[in-house]
Amino acid sequence: MMHAEALDGTATDWARIVGLYDILARLEPSPVVELNRAVAVTMRDGPEADLALIDSILARGDLESYHLAHAAREVIHDLPGLSCIKWRLRFIQVRGMLLAFVRRVSSMFSRYRN
C-alpha cells in the first residue's frame, strides 16, 4: 500500500517507495532525492541504515547548507528515544512530504509515458 493510502506507517509499502525513489534518482538525480530515499530506507529498514546514507551525503558536502538534511539526520538519530506522541507528529510531517513526492513522481511518469 502506498503511503498516501495507508492508515499509518506500518501499513505503508516502504520497499515500493524506495523503489520509486530509485527510479526518480535515475530520471532526475539530485542530493535531495537521495535524502528523501534515505528517509524511506529508514522507514523500511530502521534508523541505522539511514544514518549511514545521510552521513555519506553530508560528507560529500552536497547538502551542507540544506537544513532539512541536518533535521532528517537528527530526527532519525533520535528515533529509538522518541515518545509515541513525538513519533506520531513526525510521521504526520513526513507523510505530508511523501504525499508531495508521490504527486511529483506521478506527474513525471505521466510526462514520460506520453
Among Glu74, Glu48, Glu5, Glu64, the single one that is outside any helix (DSSP H, G or I) and at pLDDT below 75 is Glu5
Test result for Glu34, acidic (Asp, Glu), outside any helix (DSSP H, G or I) and at pLDDT 75 or above: no
Loosely packed, with under 15 Cβ neighbours inside 10 Å, of a type in the set (Gly, Ala, Ser) and either assigned to a helix (DSSP H, G or I) or modelled with pLDDT of 70 or more (or both), is that true of Ala15? yes
Pairs with Cβ under 8 Å, 6+ apart, first in region 22-34 and of a type outside the set (A, V, I, L, M), second part of a helix (DSSP H, G or I) and surrounded by 13 or more Cβ atoms within 10 Å (Cβ to Cβ): Asp22/Arg37; Glu28/Met108; Pro31/Ile57; Pro31/Ala69; Glu34/Ala25; Glu34/Leu53; Glu34/Ile57
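The values are calculated or read from the model by the stated rules, or taken from the named source; none is laboratory data. As the structure is a prediction and not an experimental result, all values here were calculated from the model. Note that each Cβ is placed from the backbone with ideal geometry, even for glycine, and that neighbours are counted across all protein chains shown.
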